Structure formats: structure tokens, C-alpha cells
């Protein structure tokens, strides 16, 4: 009975914090419309989100693309469709793997850092100090992080896409004797401008979700060091759930109907 009550209490707290995150998202939009941006904080957060996350994002994308190529190439060669390997990899990376994988990396590295940093500021009353100094925490803390994530995640996404395709090209050429010309021609036949545009839209939305959730969980932290740890964990889990759910709805809206790719 006690465990059940604690579980219900945890769910209620999570729902309240989720509602707070939704409200914070609305406040972020309102503050962005006002155009009050702390440039120095924004640049610092862009460095934290972008360059410092680059290596792990590129390594992850490369190995995922190489594994995907191994799994796809052996089956496509069996069915005599080896010329489609590059195109299928490019579509999978552009539409789903690159934006989602990059967002997962940032949710774990950046989203958790946002929750921990702002949560620590909350429990040590630094947020209250900002109010005393007549500084809005949303303008000073949340907006720079949101802008940084929304700008840098699409950049990381494109770089991950390029390195992923290069990794797949190497595997296709070295292990399955699929020439680079055939591989690249397949990408040209399959990939469209809308695929790249949708990838950028997805990564921008994912960046906003990661920033808002991480900051919201930090701002609603209570309970000292233990509360900071719990906020960090639940912020990452919630961000991942939000990414997967948003990805489903955006994919459903963006890619209805039949495709128009051709196998050369």
C-alpha cells in the first residue's frame, strides 16, 4: 500500500511538472516574440550544445549508419537490388536516424546538464537572487538555452547525416563491392529536398523540447541534492519520450501517401 501511494505521488508530481513545462514553453514563445535576448549567455550555450557535443554525435551517427548498411546491403544484394542501398540509407538517415539519434545524444548530454545546473541554482536559492536583482530567469537562463538547442541541433543533424552517409559508403564499397558511383547515384535518385527540410524541422523541434524540458525540470526542483539527481534523471526520460512522440506525429504529417523514389 505504501509503495502504491508513493507511485501515485510520483506520477502526480510528474504530471504537474509536465504541465509546468508546457506553461514554460508558452512563456518562451512569448519572451522570444518580445526579442529580449542575452547574447553572451546565448553564445556560451551554443558552444556548449554544439562544438562540445559534436564528437559523440558524429561517432554515434557513423556507427549506426555502418550497422544499418550491413543489415540492408546483405538483404538487398540477395534480392538483386544492391543499387538501392545508398538511397535507402540516405532516406533512413535523413528522415529518422540522424535527427532522432542526434536529439537522443543531446537529451542525455545537454538536457541533463540543464536540469542539473538550474536545479542546483533553485535549491541554493540562486533563482530567488535573480528575482531580487530584477532579472527574469526565463530571459537569463531559459531563452539562451532554447535558442542554442534550436540552432545547433540542426547543424549537428546535418553533420551527422554527412558522416553517416560516408560511413555507409565505406562499408558498401569495402564489404559488398558496391561502387561509390552506384551508391551516390542511388542517394540522388531517392533523396529529395523535402527530406532534408523535414530533417531540419524535426531537429529544430527536438532542440526546443530538450531545452524547455531540461530547464523546466530544473526550475521545479526541490529537496536538495537528492532532488537535483531526481530532476536530472526524469528530465532526460521525459525529453526522450517527448522526442519519440513528436517524431511519430511529425513523420505522420510529413510523409503521408506513397513515395516517388526510383531504383536506377
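Numerical summary
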item	result
Check on residue 43, surrounded by fewer than 20 Cβ atoms within 10 Å (Cβ to Cβ) and in contact with a helix residue (DSSP H, G or I) (Cβ under 9 Å, 6 or more places away or on another chain)	yes
Selection within region 91-135 - free of Cβ contacts under 8 Å to residues at least 60 places away in the same chain and either buried (at least 16 other Cβ atoms within 10 Å of the Cβ) or touching a helix residue (DSSP H, G or I) at 6+ places or on another chain (Cβ under 7 Å) (or both)	92, 101, 105, 109, 130
Single residue of 13, 43, 18, 23 found to be modelled with pLDDT of 90 or more, assigned to a helix (DSSP H, G or I), over 24 Å from residue 156 (Cβ atoms) and more than 17 Å from the chain's Cα centre (by Cα)	23
Test: residue in region 140-152 that is surrounded by fewer than 20 Cβ atoms within 10 Å (Cβ to Cβ) and under 21 Å from the mean Cα position of the chain (by Cα)	yes
Residue count for region 71-92, restricted to those that are more than 19 Å from residue 195 (Cβ to Cβ) and either within 25 Å of the chain's Cα centre (by Cα) or not in a helix (DSSP H, G or I) (or both)	4
Subset of region 26-38 that is in a loop (DSSP other than H, G, I, E, B) and touching a residue at least 60 places away in the same chain (Cβ under 8 Å) - its residue that is surrounded by the fewest Cβ atoms within 10 Å (Cβ to Cβ)	36
Among (1) closer than 30 Å to residue 87 by Cβ; (2) at pLDDT 95 or above - the single one residue 149 does not satisfy	(1)
Answer from 185, 177 - the residue that is touching a residue at least 40 places away in the same chain (Cβ under 8 Å) and under 24 Å from residue 84 (Cβ atoms)	185
Selection status of residue 72, without any contact (Cβ under 8 Å) to a residue 40 or more places away in the chain, crowded, with 17+ Cβ neighbours inside 10 Å and either farther than 25 Å from residue 255 by Cα or in contact with a helix residue (DSSP H, G or I) (Cβ under 8 Å, 6 or more places away or on another chain) (or both)	yes
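The values are calculated or read from the model by the stated rules, or taken from the named source; none is laboratory data. The shown structure was predicted, so the numbers you read here are calculated from the model rather than taken from an experiment. Every residue, glycine among them, receives a Cβ derived from its backbone with ideal geometry; neighbour counts consider all protein chains shown.
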